[in-house]
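The values are calculated or read from the model by the stated rules, or taken from the named source; none is laboratory data. In this text the structure is predicted, and so the values were computed from the model without any measurement. So basically every Cβ, Gly included, is an ideal-geometry build from the backbone, and we count neighbours across all protein chains shown.
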């Protein structure tokens, strides 16, 4: 019996295709999704896929996988670009935050959104952030990835006109351990234009960025007579 029910129509309904979270799934469940994807020729993103899991499933699934060990993501198939004139800037405070930043960037690739990575621009050396500030201002949406005290979120938002999606990471020690300090920093930011996703949630940030760009391109989603958004109003 197939116990994996993948949502193949999610992109048509919501504008964002479903991804597979590998943590907690067996090799057989992951292989099942990939075999279905191969049969349908439907792109699939797998997140939090360990190197051992990748080795276990790649020969069995019959589908070529683009695997990145740092972000622990695998992509099957070719994503369909959304055709936006904007790209998303992924701003990473430090190299320790890179796995989450790369998860966000590869998720953007899967979702058809172009992106540019700005690495190691944390505010402990403010000159590093200021050196790329002019480039960052060209992006309509920025994904900011930071742990520790999460000060990057507010500082960045105070420098750019675009919206900042904060991704707090679990990088840190002492009271910052686990990412809750960075999360609270994002939620309590005094700089307007900062929104936040959950700790280490690079995919969630990428999905939010895609929806923002889709809505900016197409306008508000059409609405039904009862006032609720019509399904598929911002399909990719």
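Counting just the residues of segment 191-232 that are modelled with pLDDT under 85, part of a loop (DSSP other than H, G, I, E, B) and touching a strand residue (DSSP E or B) at 6+ places or on another chain (Cβ under 7 Å), which one comes out nearest to residue 156 (Cα to Cα)?
That would be 221.
What is the number of the single condition among (1) at pLDDT below 90; (2) part of a loop (DSSP other than H, G, I, E, B) that residue 161 does not meet?
(1)
Does residue 37 meet the test of being crowded, with 16+ Cβ neighbours inside 10 Å, at pLDDT 90 or above, part of a helix (DSSP H, G or I) and on the phi < 0 side of the Ramachandran plot?
Taking the combined requirement at face value, the residue does not satisfy it.
Go through segment 161-173 and count every residue that is touching a helix residue (DSSP H, G or I) at 6+ places or on another chain (Cβ under 9 Å) and either surrounded by fewer than 23 Cβ atoms within 10 Å (Cβ to Cβ) or not assigned by TED's automatic domain parsing to the domain that holds residue 112 (or both).
Of the residues in that region, 4 qualify.
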